[in-house]
Amino acid sequence: DVYKRQDITNTFEIGVTPIEAQDPDFIVSELLWNPESPTVGTEVTLTAKISNLVNNTGKQSVPIAFYDGDELMEGVDLIYAEFDGTDNEEVTVTAIWTATKGSHPLRVVINPGNTTLTEVDSTNNEKSITISVSSTSDEDDNSFRMIALVVVGLVGGLTYVSYRSKRS
């Protein structure tokens, strides 16, 4: 048996066209605070869950800001939530806010000013809550007033009973 050997050399080109990742759609899926009924001076922990509604968007570093009304929350810097681009990804971010007296509309905002990210929908980038903060002195004053009212009522009642029993 005789075998023939033949060398064949072919040259060809392969073209690779990368597929662009889809634009993400980040939302604040949850905003919680603890303690639920803070008083003046209490440190309140705000916890926000940030979700991406679009799968396979690639790695993203998402800026998150916390606001008290229209002002950035004092002492809280811009936070970056890091997304790996996996399916159904959710990242939790937290901020500490020191409670002051009054009603406070607190907000968490993704991509504040819409300057950093390109998203499918940027109208769903924030969530708000309103927290009412009472001062501890108000609660003490109310307790004192209630105790004083009860004592005055008891003394008045005893005086009336004593007066009625002497007249009989």
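The values are calculated or read from the model by the stated rules, or taken from the named source; none is laboratory data. None of these values were measured; they are calculated from a predicted model. So basically every Cβ, Gly included, is an ideal-geometry build from the backbone, and we count neighbours across all protein chains shown. These accessible areas exclude ligands, DNA and RNA; they are computed on the full protein's heavy atoms, side chains included. Shrake-Rupley method; radii C 1.70, N 1.55, O 1.52, S 1.80 Å.
Restricting Val76, Val109 to residues that are under 15 Å from the mean Cα position of the chain (by Cα), in a loop (DSSP other than H, G, I, E, B), surrounded by 10 or more Cβ atoms within 10 Å (Cβ to Cβ) and aliphatic (A, V, I, L, M) narrows the list to Val76. For region 49-58, does any single residue satisfy the condition of being modelled with pLDDT under 95, open to solvent by 80 Å² or more (accessible area, probe 1.4 Å) and not polar (S, T, N, Q)? Yes, because at least one residue in region 49-58 is modelled with pLDDT under 95, open to solvent by 80 Å² or more (accessible area, probe 1.4 Å) and not polar (S, T, N, Q). Within the set Glu13, Glu36, the sole residue that is open to solvent by 100 Å² or more (accessible area, probe 1.4 Å) and either under 30 Å from Thr94 (Cα atoms) or modelled with pLDDT of 90 or more (or both) turns out to be Glu36.
Given the criteria surrounded by fewer than 11 Cβ atoms within 10 Å (Cβ to Cβ) and not in a loop (DSSP other than H, G, I, E, B), does Ser61 qualify? Yes: the conditions hold for Ser61.
Scanning region 79-106 for residues that are open to solvent by 20 Å² or more (accessible area, probe 1.4 Å) and in a loop (DSSP other than H, G, I, E, B) returns Asp84, Thr86, Asp87, Asn88, Glu89, Thr100, Lys101. Under the condition of being closer than 19 Å to Ile131 by Cα, in contact (Cβ under 8 Å) with a residue 12 or more places away in the chain and among the hydrophobic types (A, V, I, L, M, F, W, C), the residues counted in region 43-92 number 7.
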